[in-house]
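Some notes on the structure that comes next.
The values are calculated or read from the model by the stated rules, or taken from the named source; none is laboratory data. These numbers come from a predicted model, not from an experiment. Here the Cβ positions follow ideal geometry from the backbone for every residue, glycine too, while neighbour counts run over all protein chains shown. All accessible areas refer to the heavy atoms of the entire protein, side chains included, with ligands and DNA or RNA removed. Shrake-Rupley method; radii C 1.70, N 1.55, O 1.52, S 1.80 Å.
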Amino acid sequence: ARAKAFRSAGLSTIRDLLFYFPFRHIDRTTILSIEKAYSHVKKGYTGELTLIGKVQESKVINYGKKKILAVRVSDKTGELDCLWFQGSEYFAKTFTTGQVVALSGKPTLSKRGDFQLIHPGFDKLTTEESENFFNTGKIIPVYSVNQFFKEANLGETGIRRIIDKALSAYLNFVDETLPTEILKRHDLPGLKETIRQMHQPDSLEMVKKSMLRLKFEEF
């Protein structure tokens, strides 16, 4: 079923899989603890931020004729509530107790002083990924999960694992496509290194270099 999902998504070859790049990356240096984020909001911060925590509780609340999904997330420093006023029944199937998630959005304080994120963007992480993320400074790639992947029960974590295995087994078979002169002139990484850095980046700077290299690849 998963092989069929990849073919349906246009990933019919190993090359297609290696070139299925993430649309963004979660960088450890941009992550705040819930306590730190709360402190910033108390001081008047109104911008977006990213947090990582574990789901403690998920429930749908009847509010008049509307249904609201409330998901409580915590880390070692505190907790906050994530609220969805639209699509509550759909999102209710997404979260399970103990699940590790990365959340992005503009935090607010309710009239009672509760710390909240309204309709945040989110990415599911495994416990191993979150531990590596904080202990080693690893940058996590975020992939698009289309309907084909969902039908095959493949989320971002599953896609990351499959691509990691493909990199280990097949990256060395990738041939360079640009002349050495062009690579040197523009300080570009080779194609193998470009693919690796997009999926397993050492730094955001290397991601930027790799994206520039891919523009040359398109030309």
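If Lys93 satisfies every condition in (1) more than 28 Å from Arg196 (Cβ to Cβ); (2) open to solvent by less than 50 Å² (accessible area, probe 1.4 Å) but one, which is the exception?
For Lys93, the failing item is (2).
Which of the residues spanning region 81-103 are outside any helix (DSSP H, G or I), farther than 17 Å from Thr127 by Cα and either of a type outside the set (S, T, N, Q) or at pLDDT 90 or above (or both)?
Asp81, Cys82, Leu83, Trp84, Phe85, Gly87, Lys93, listed by residue number.
Let's see how each residue does on (1) farther than 30 Å from Lys93 by Cβ; (2) modelled with pLDDT of 85 or more; (3) buried (at least 16 other Cβ atoms within 10 Å of the Cβ); (4) not charged (D, E, K, R):
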| site | (1), (2), (3), (4) |
| --- | --- |
| Asp123 | no, yes, yes, no |
| Ile140 | no, yes, yes, yes |
| Asn146 | no, no, no, yes |
| Ala169 | yes, yes, no, yes |
| Asn172 | yes, yes, no, yes |
| Thr177 | yes, yes, no, yes |
| Met206 | yes, yes, yes, yes |
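If you go through region 132-173, how many residues are part of a helix (DSSP H, G or I) and within 18 Å of Ser210 (Cα to Cα)?
Qualifying residue count for the region: 5.
Working carefully through the options Lys67, Lys42, Lys111, find the one that is over 22 Å from the mean Cα position of the chain (by Cα) and surrounded by 13 or more Cβ atoms within 10 Å (Cβ to Cβ).
Testing whether each residue is over 22 Å from the mean Cα position of the chain (by Cα) and surrounded by 13 or more Cβ atoms within 10 Å (Cβ to Cβ) leaves just Lys67.
Counting only residues that are free of Cβ contacts under 8 Å to residues at least 24 places away in the same chain and in a helix (DSSP H, G or I), how many does region 174-219 have?
17
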